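Report on the following structure.
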Protein chains: 2
Amino acid sequence: MKIYITEVAPRDGLQNIKEIIETDKKVEFVNLLSETGVDEIEVTSFVHPKWVPQLADAEEVFQKIKRKEGVIYSAIVPNERGFERAIKVKIDKISVLTAASDTFNRKNINTDIEGSFEILKPVVRNAKEMGLLVRGYISTSFWCPYEGKIPGERVLSLALRLLDLGVDEISFGDTIGRASPKDVVELLELILREVPLDKVVLHFHATYGMGIANVITAYKDFGVYRFDSSAGGLGGCPYAPGASGNIATEDVVFALREMGAEIKVDEVKVVEAVVKVGLPINSSIGKVLLPKLSTL
Amino acid sequence: MKIYITEVAPRDGLQNIKEIIETDKKVEFVNLLSETGVDEIEVTSFVHPKWVPQLADAEEVFQKIKRKEGVIYSAIVPNERGFERAIKVKIDKISVLTAASDTFNRKNINTDIEGSFEILKPVVRNAKEMGLLVRGYISTSFWCPYEGKIPGERVLSLALRLLDLGVDEISFGDTIGRASPKDVVELLELILREVPLDKVVLHFHATYGMGIANVITAYKDFGVYRFDSSAGGLGGCPYAPGASGNIATEDVVFALREMGAEIKVDEVKVVEAVVKVGLPINSSIGKVLLPKLSTL
């Protein structure tokens, strides 16, 4: 099975770093990641700079990166204002946001689930009219830091509503990294009855140590082949200070190759990309490779 | 399913720490671990101090620890000389050593597989005559740093030989932390045809990021319920500097509880034990808990 990797470090990783990183460094990072073999790079978010100052240079980054043939360059578009910004740069794909918890939506985007759909509906309509690919994120698809375990039926119903609107794929997020393979089995058993496999993307965090186990379970038991991951394990979770963030791309591709999957991502290049731009490595494979890289 | 945890930090964890730790600190560590709910503690190794100076105080540690009713206190006994030392202190169980690779055995214990059996045979015989429990370790049961992937048939044949000698259980070690759930499935499918489930212990390292996935796979797909793990993820692998060591007890018990297993280990107490004796935390659950502990 060929694996499809969406590299989210430039967005999900960097947005958790307080110190503002120079635009040219971000551009270099995306360019290096383009050469690793990942299928897609989530470059940035067209969120209001007031909320995420780190990504205030979204347009500039998008205009300066060197596109590699075959790689899809995407960004988060949280609302119509963000969409207007995004279409001024060449963008292949946009991602819209909701979460399976009213409380989390309120904390994250200042409205509840219904409100999030009111915001994303016109964005999806406009994007599809322009022929763009559209991803729908469902954050807290497994656990919510405020509401606890999320019922799978609710997640399924949101996924079907997004697909009805014309969204091309759903990324089910374990936002706080709390899901276990048991949770993954339960949700996938429910979702795959109605959502086609090629529209299912899983987005795990490593916080509670089960991220790679979740990827392997989804692949081994259900054939899920599309995953979000972050080079170097960049990212974090504001609800668990010091804890790990996104699952690391290098750990995901190493593990899935060992499982027998077809992998075109080169994990050495992934780790090198992070090291070259001076960002920290927080991954198992990164720690194994680092001593070898430094002697090159 | 009730999980059985052998806590190996006092031996497998500490032997990888260069700076010599005071005997009283080791005793305190074992005493704290005795209160966490683990079933067994591998207290030390009666190896010659020349090879592992850190564990030169094996007798003294064993004599000073406070035994908790219901907890089994074990140690590694690499040869007859070690056995003579071990039986002078009250010991519940001994562990003998082999590996599924001639090269690894030579590097580790200075003899090949056959030589290791010559050494361990009289130890097992004497231990069983004295009514002690005996574990057999098979290191490099999945991968060898020198010989690569190890054939499962060889591992099975060694396990059966050990059981024939009267060994009570086998701990199959992924010494370099390189095994994937695919490797685990392959080995367990083979082994469980001839080795009873209650004699199977799995000993994983976290080096390549798949340790917890391996535990979950063994539990979920085969019902394996006995695991070795190390408080705080203490330990390491001399073949991958900087890389993670043993899988952390707190990560194992958290993950297995999430999978629905019956867990009596308190992961907060495990992390506290490591922190109290001033040792480093290298685990996902540890990182989540640390900020909470420091405010207590």
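Assorted remarks:
- The range B:19-57, residues that are among the aromatic types (Phe, Trp, Tyr) and surrounded by 17 or more Cβ atoms within 10 Å (Cβ to Cβ): B:PHE29, B:PHE46
- Any hit, the range B:175-196, residues being at pLDDT below 95, crowded, with 22+ Cβ neighbours inside 10 Å and aliphatic (A, V, I, L, M): yes
- Some residue of the range B:171-179 being among the polar types (S, T, N, Q), touching a residue at least 24 places away in the same chain (Cβ under 8 Å) and within 13 Å of another protein chain (Cβ to nearest Cβ): no
- Listed here are the helices (runs of 4 or more DSSP H) enclosed by the range A:20-89 that have at least 1 residues being aliphatic (A, V, I, L, M), closer than 16 Å to A:ALA9 by Cβ and in contact with a strand residue (DSSP E or B) (Cβ under 6 Å, 6 or more places away or on another chain): A:23-34, A:58-64.
- Number of the exception - B:ILE94 against (1) within 24 Å of B:THR140 (Cβ to Cβ); (2) at pLDDT 95 or above; (3) surrounded by fewer than 16 Cβ atoms within 10 Å (Cβ to Cβ): (3)
- Of all the residues in the range A:143-156, those that are within 19 Å of A:ARG106 (Cα to Cα) and more than 14 Å from chain B (Cβ to nearest Cβ) number 7.
- All positions within the range B:68-109 that are closer than 27 Å to B:VAL38 by Cα and among the β-branched types (Val, Ile, Thr): B:VAL71, B:ILE72, B:ILE76, B:VAL77, B:ILE87, B:VAL89, B:ILE91, B:ILE94, B:VAL96, B:THR98
- Enumeration of residues in the range B:244-296 that are acidic (Asp, Glu) and within 10 Å of chain A (Cβ to nearest Cβ): B:GLU250, B:ASP251, B:GLU258
- Looking only at residues of the range B:115-151 that are among the small types (Gly, Ala, Ser) and out of contact with any strand residue (DSSP E or B) (no Cβ under 8 Å at 6 or more places or on another chain), we find that the one that is surrounded by the most Cβ atoms within 10 Å (Cβ to Cβ) is B:GLY115.
- Answer from B:ARG193, B:ARG226 - the residue that is in contact (Cβ under 8 Å) with a residue 40 or more places away in the chain and among the basic types (Lys, Arg): B:ARG226
- Those residues of the range A:1-19 which are modelled with pLDDT under 95, among the β-branched types (Val, Ile, Thr) and not in a loop (DSSP other than H, G, I, E, B), in sequence order: none
For every residue, the table says whether it meets (1) facing chain B (nearest Cβ under 9 Å); (2) at pLDDT below 95.
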residue: A:ASP198; (1), (2): no, no
residue: A:PHE204; (1), (2): no, no
residue: A:ASN214; (1), (2): yes, no
residue: A:ASP228; (1), (2): no, no
residue: A:GLY232; (1), (2): no, no
residue: A:PRO238; (1), (2): no, yes
residue: A:GLY242; (1), (2): yes, yes
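The values are calculated or read from the model by the stated rules, or taken from the named source; none is laboratory data. Everything numeric in this text was worked out from a predicted model, so none of it was measured. A quick note on method: Cβ atoms are made from the backbone with ideal geometry, for glycine too, and the neighbour counts reach across all protein chains shown.
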